[in-house]
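Reading through the structure tokens given below for one structure.
The values are calculated or read from the model by the stated rules, or taken from the named source; none is laboratory data. Since the model is a prediction, treat every value here as computed from it, not as a measurement. Backbone-built Cβ (ideal geometry, glycine too); neighbour counts: all protein chains shown.
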Amino acid sequence: MGNTKLQMMIVTALFTAIIGILAQVAIPLPLVPITGQTLAIGLAATILGSRYGTYSTILYMIIGAIGVPVFSQMTSGLGILLGPTGGFIVGFIPTVYFMGKYLEMTRFNVTHAIIANVMGMFITLIFGTVWLKIVASLTWYEAFLSGFAPFVAVGLIKAVLAGWIGIVVRRRLKEAHILVPAA
């Protein structure tokens, strides 16, 4: 099995990269683009659980904040985190933690993974919409129309995909002894 701590550090770093890669899959909208970040966050939580999923998300934010262009559309820097879309990125931390905790307290199966990912989608959207309203000086209605409403349908699709694919990949990684039993 080898050094399990090292294995989990490597898998965590891999998921940080996956988040950065899927962030580049983007459909531009006026204020907030539709991206693959939320799919990647759902996969991280579903596959890695609360601890390592959260680590991968924090690492993603740190490397983006210091200038590595991992945020949507190859952007980076503190300006992105403090700007109108920063709340979505910051909201990934409680989102992935909550989803992982939910799965750890219930079961890592497709049904619970989809439930966790749907709840996580709403956590991210609420965080991002509140932040957008404040930073962009929008009304609640404008923030809802720009930061919440356009993302619900595609978010539900990504939640189902992340739940289903995440459980399949998690099982395979556990069978291959890449994920340690506590993950």
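Is at least one residue of the range 88-95 of a type in the set (V, I, T) and surrounded by fewer than 17 Cβ atoms within 10 Å (Cβ to Cβ)?
For the range 88-95, residues of a type in the set (V, I, T) and surrounded by fewer than 17 Cβ atoms within 10 Å (Cβ to Cβ): absent.
With the condition kept exactly as written, say whether any residue in the range 53-73 is closer than 25 Å to A153 by Cβ, in contact with a strand residue (DSSP E or B) (Cβ under 8 Å, 6 or more places away or on another chain) and without any contact (Cβ under 8 Å) to a residue 60 or more places away in the chain.
Checked against the condition, which is being closer than 25 Å to A153 by Cβ, in contact with a strand residue (DSSP E or B) (Cβ under 8 Å, 6 or more places away or on another chain) and without any contact (Cβ under 8 Å) to a residue 60 or more places away in the chain, the range 53-73 yields at least one hit.
Check off (1) surrounded by fewer than 24 Cβ atoms within 10 Å (Cβ to Cβ); (2) farther than 26 Å from S146 by Cα; (3) under 13 Å from the mean Cα position of the chain (by Cα) for F98 and give me the number that stays unchecked.
(2)
I'm trying to understand the selection: among the residues of the range 120-160, which are within 19 Å of L22 (Cα to Cα) and under 13 Å from the mean Cα position of the chain (by Cα)?
Once the filter is applied, which keeps residues that are within 19 Å of L22 (Cα to Cα) and under 13 Å from the mean Cα position of the chain (by Cα), the range 120-160 yields G120, M121, T124, L125, G128, G155, K158, A159.
Exactly one of (1) more than 23 Å from G64 (Cα to Cα); (2) part of a helix (DSSP H, G or I) is unmet by S137. Its number?
Among (1) more than 23 Å from G64 (Cα to Cα); (2) part of a helix (DSSP H, G or I), S137 violates only (2).
Could you say whether any residue in the range 154-169 is touching a Phe, Trp or Tyr at 6+ places or on another chain (Cβ under 7 Å) and modelled with pLDDT of 95 or more?
yes
Checking the condition out of contact with any Ser or Thr (no Cβ under 6 Å at 6 or more places or on another chain) and surrounded by fewer than 18 Cβ atoms within 10 Å (Cβ to Cβ), which residue from L39, L43, L29, L48 passes?
On inspection, the qualifying residue turns out to be L29.
Starting from residues that are among the hydroxyl-bearing types (S, T, Y) and touching a residue at least 24 places away in the same chain (Cβ under 8 Å), keep the ones in the range 122-168 and report whichever is surrounded by the most Cβ atoms within 10 Å (Cβ to Cβ).
It comes out as T124.
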